[in-house]
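The values are calculated or read from the model by the stated rules, or taken from the named source; none is laboratory data. No experiment lies behind these values; they were computed from the predicted model shown. Note that we place each Cβ from the backbone using ideal geometry, even for glycine, and neighbour counts take in every protein chain shown.
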Amino acid sequence: MTGLLVSGSAAVDAAEKLRDALAQLKIAADVNGGYGLAVVSVWAGLLVWSNGDRFWWNTGWDAQRRCAVYASQQASELDRAAHRIAFRYSRLREDSTGSNPSVKGPS
């Protein structure tokens, strides 16, 4: 853990619970927090932000609109959030091995 963690903040508490739920799914993650937000670093290209009430993360790139697409989940639905993030993690791992050429990021 880093010196930026503010123990007891709702954002960090939610992020730590998410980190623990991801660990149950065999996904390692780190938590950093400060200024009322926390971030769970899961994988290259997968950061999950929390304000204590919600989690949100990037799910890809909309080439037509030329913008990032984000997903969100209430922090109270921790298991659902962890499973959705685990799905994104598995997609990113597949993409990093080149097995899914149809998914591209910004150019």
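Within region 61-76, count every residue that is in a strand (DSSP E or B) and surrounded by 17 or more Cβ atoms within 10 Å (Cβ to Cβ).
Residues flagged as in a strand (DSSP E or B) and surrounded by 17 or more Cβ atoms within 10 Å (Cβ to Cβ) within region 61-76 amount to 1.
If you check F55, F87 for being surrounded by fewer than 16 Cβ atoms within 10 Å (Cβ to Cβ) and either in contact with a Ser or Thr (Cβ under 9 Å, 6 or more places away or on another chain) or not polar (S, T, N, Q) (or both), only one passes: F87. Filtering region 77-98 down to residues that are part of a loop (DSSP other than H, G, I, E, B) and not small (G, A, S), which residue is nearest to E16 (Cα to Cα)? Of everything passing the filter in region 77-98, E77 is nearest to E16 (Cα to Cα).
When region 34-60 is filtered for residues that are of a type outside the set (D, E, K, R) and not in a strand (DSSP E or B), the ones remaining, listed by number, are Y35, G36, A44, G45, N51, G52.
Going through L47, L37, L5 one at a time, which residue ends up being out of contact with any Leu (no Cβ under 6 Å at 6 or more places or on another chain), surrounded by 15 or more Cβ atoms within 10 Å (Cβ to Cβ) and modelled with pLDDT under 95?
On the way: L47 fails: modelled with pLDDT under 95; L37 fails: modelled with pLDDT under 95.
When all the criteria are applied, what remains is L5.
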